Amino acid sequence: MSNPSTVYATTFVDELVRSGLKHVCLVPGSRHTPLVLAFARHGETINIYSHLDERSASFFALGLALATDEPVALVCTSGTAGANFFPAIIEAHQSRVPLIVLTADRPHELRQSGANQTIDQVKMFGDFVLWFCDAPLPEENPPAVALRNLRTLAARTYAKANGIRKGVVHINMPFRKPLEPTESNQLVESSNSQSSESNKIFRVRTMPFIHDDMTWIRQIVRENEKGVIVCGGGFSPAEGFGIYPHSNAIGYPVFAETYSHVRHPNKALGAYDFYTDFATKPDVIIRFGNVPLSKQLNEFIVSSDAKYIFHFDSSGVWSDDSHLVTHEIPLPPSTIMSMFANYERSHSILSTQYSALENTTWQVIDHEIETGEYFDGAVVYDVVDLIPGGSTLFAGNSLPVRHLDQFGKPTNKRIFAYANRGASGIDGNISTALGAGAGRPDKPLVAIIGDITFYHDMNGLLAVHRCGVPITIVLLNNDGGGIFHRLPIREHDPMFTDYFITAHGLDYSHAAKLYGLDYVRADTRDAFRQAFTESVTNCNATIIEVRTDAQADLKRRNEIVSAVHARLRELDV
């Protein structure tokens with residue numbers, strides 16, 4: 001069996017060459033042996049230049065990249081070898097010359113251990129590189145996603161160095177001994193061809209698109225009727241609303257998260273969390289914004305084996321944790337959708353099937369919420385049903401934002417929905433909601449917050465009166481971290497109860513009194529709907545607390561999922 005270092009280095013270098021790399025400069029050493037051998041395999045297709053010292057190699061690479069205006073790879077062993085690259089890297093940075101610097105490193109257990117020839121190589125070139133990544137340590141029998149990660153890392157590396165603002169990219173690659181192949185490279189070949197995924201070429205685009213590129217994308221969509229659009233969060237309301245005018249013309253169904261500003265009836269689907277197991281897999285996936293919040297939707301994308309997965313985001317931020325995107329293109333959603341304005345495909349095979357799944361699912365959810373026990377998901381369903389059009393809606397992290405994604409029924413009302421999904425922390429959520437409300441002062445402000453998230457930012461309530469921002473806070477209090485009941489750790493008591501649930505027994509009515517807010521306890525549906533309507537209609541500053549039980553809530557959600565699946569099995573779609 002080939003050793004993991006050989007597999008990782010070969011996978012990375014193969015994709016780097018496929019991305020367009022033509023030149024590499026090498027220097028003698030030991031720790032970078034897997035990389036040297038991986039490049040040597042491409043000796044007939046790329047130019048390999050051997051040097052005796054790192055300083056000369058780096059300036060040679062600088063000149064080569066300067067003359068060709070193409071990225072040149074520069075490879076060295078661990079320790080001070082990379083430090084000798086620094087003067088040339090500074091010059092490349094200042095002159096905007098594309099270099100790909102690959103420094104081999106010791107495994108993590110040798111770092112900070114006093115091991116010979118081991119220094120801190122993490123971000124060793126500071127701000128003189130456009131991008132740095134400390135690559136993962138090779139492992140035996142890596143999962144497919146680990147190898148896809150290496151391939152997309154290579155494609156991103158080449159694209160970043162060769163972007164609109166050319167420059168230096170530094171990838172630090174740790175390797176554990178043995179560094180030489182332990183057997184033939186047969187396993188290396190098979191590791192890259194064991195599935196159809198290995199035949200996909202990942203393309204990361206940082207240069208401006210031209211007319212031919214647009215024509216090619218239109219052709220792909222025209223030739224592939226089985227496609228779907230996935231809208232995560234991460235872009236502005238203007239960008240999200242900009243998808244509306246042309247979303248029907250393309251004929252692809254649209255999966256839209258609530259805070260994407262695209263979830264709109266007849267134009268976007270919102271119940272996908274319940275029915276993706278019943279949906280025909282697409283051949284083309286067009287993604288906008290962040291990685292989807294829904295675990296089921298992400299699994300649907302991973303299992304689709306789509307021929308093309310496009311990700312469009314004007315920020316250029318990488319958003320593909322499963323490493324399946326075939327084309328990463330920094331264009332805003334409205335630009336992409338506008339080029340399909342004259343399409344005549346208003347329906348497709350998938351749009352017809354997905355609409356049937358969507359409609360049936362909401363019929364079941366509507367019935368279950370009307371007739372079943374009240375639970376936290378139903379509270380969120382009611383918020384979306386009752387909130388006035390034009391309102392600002394903030395969803396706290398952990399369960400509330402997931403409930404909004406699952407039970408926030410698409411509506412004709414334009415709701416400006418927000419969430420702190422950049423890092424998805426529970427800190428500062430109340431303050432963020434109040435800031436969003438201050439930005440839209442003439443509209444009702446609603447925040448759905450869990451009890452632990454509320455606890456983390458109670459001092460943020462001071463801004464309600466101090467800054468003049470009335471808010472209706474829907475406090476879902478399950479007395480602890482209810483989301484952990486969805487994780488395997490729930491099977492391990494007493495550690496689960498003692499260290500994960502974090503029951504607190506707090507009475508939040510005191511917080512309302514302290515900060516001068518109205519307080520309503522509403523544990524039934526009628527009580528909640530009445531209190532909520534009164535608060536948002538009169539723009540009162542109110543905390544509406546709904547006491548729930550995390551285990552009962554999860555049980556109720558699972559019952560609804562089961563009811564939906566039972567009904568969908570009766571459909572012939």
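Look through 376, 366 and report the one residue that is in the same structural domain as residue 552 (by TED's automatic domain parsing) and either over 25 Å from residue 547 (Cβ atoms) or of a type outside the set (Val, Ile, Thr) (or both).
The conditions single out 376.
Which number in (1) within 18 Å of residue 370 (Cα to Cα); (2) in contact (Cβ under 8 Å) with a residue 24 or more places away in the chain; (3) surrounded by 15 or more Cβ atoms within 10 Å (Cβ to Cβ) marks the one condition that residue 527 misses?
Of everything listed in (1) within 18 Å of residue 370 (Cα to Cα); (2) in contact (Cβ under 8 Å) with a residue 24 or more places away in the chain; (3) surrounded by 15 or more Cβ atoms within 10 Å (Cβ to Cβ), residue 527 misses just condition (2).
Quick check, is residue 323 out of contact with any Ser or Thr (no Cβ under 6 Å at 6 or more places or on another chain) and in contact (Cβ under 8 Å) with a residue 12 or more places away in the chain?
Numbers: out of contact with any Ser or Thr (no Cβ under 6 Å at 6 or more places or on another chain): no; in contact (Cβ under 8 Å) with a residue 12 or more places away in the chain: yes.
Judged against the criteria, residue 323 is not a match.
Name every residue in segment 435-453 that is touching a helix residue (DSSP H, G or I) at 6+ places or on another chain (Cβ under 7 Å) and within 20 Å of residue 509 (Cβ to Cβ), in order of residue number. Walk me through it before giving the result.
The first filter runs over segment 435-453 and keeps only residues touching a helix residue (DSSP H, G or I) at 6+ places or on another chain (Cβ under 7 Å), leaving 444-450, 453.
Once the filter is applied, which keeps residues that are touching a helix residue (DSSP H, G or I) at 6+ places or on another chain (Cβ under 7 Å) and within 20 Å of residue 509 (Cβ to Cβ), segment 435-453 yields 446, 447, 448, 449, 450, 453.
Looking at segment 244-261, can you tell me whether even one residue there is of a type outside the set (S, T, N, Q), surrounded by fewer than 18 Cβ atoms within 10 Å (Cβ to Cβ), in contact (Cβ under 8 Å) with a residue 40 or more places away in the chain and farther than 20 Å from residue 359 by Cα? Lay out the reasoning, then the answer.
Of segment 244-261, the ones of a type outside the set (S, T, N, Q) are 244-246, 249-257, 259, 261.
Narrowing the set further to residues that are surrounded by fewer than 18 Cβ atoms within 10 Å (Cβ to Cβ) leaves 244-245, 249.
Going one step further and asking which of them are in contact (Cβ under 8 Å) with a residue 40 or more places away in the chain, we end up with 245, 249.
Now drop any that are not farther than 20 Å from residue 359 by Cα, which leaves 245, 249.
Yes, the conditions are met somewhere in segment 244-261.
Taking only segment 46-75 into account, find how many residues are under 18 Å from residue 157 (Cβ atoms) and of a type in the set (Ser, Thr, Tyr).
2
Just the residues that are surrounded by 15 or more Cβ atoms within 10 Å (Cβ to Cβ) and either of a type in the set (Lys, Arg) or outside any helix (DSSP H, G or I) (or both), please, taken from segment 62-95.
Scanning segment 62-95 gives 70, 71, 72, 73, 74, 75, 76, 77, 78.
Can you spot a residue in segment 77-93 that is within 32 Å of the chain's Cα centre (by Cα) and over 25 Å from residue 37 (Cα atoms)?
Taking segment 77-93 and keeping what is within 32 Å of the chain's Cα centre (by Cα), we get 89, 92-93.
From the residues that got through so far, the ones that are over 25 Å from residue 37 (Cα atoms) too are 92-93.
Yes, that holds for at least one residue.
Looking only at segment 455-485, which residues are outside any helix (DSSP H, G or I) and closer than 17 Å to residue 554 by Cα? Steps first, please.
In the first step, residues of segment 455-485 are kept if they are outside any helix (DSSP H, G or I); the result is 457, 467-481.
Across segment 455-485, the qualifying residues are 476, 477, 478, 479, 480, 481.
The values are calculated or read from the model by the stated rules, or taken from the named source; none is laboratory data. Nothing here was measured: the structure is a model prediction, and the numbers come from that model. For neighbour counting, all protein chains shown are included, and Cβ atoms are generated from backbone atoms with ideal geometry for every residue, glycine included.
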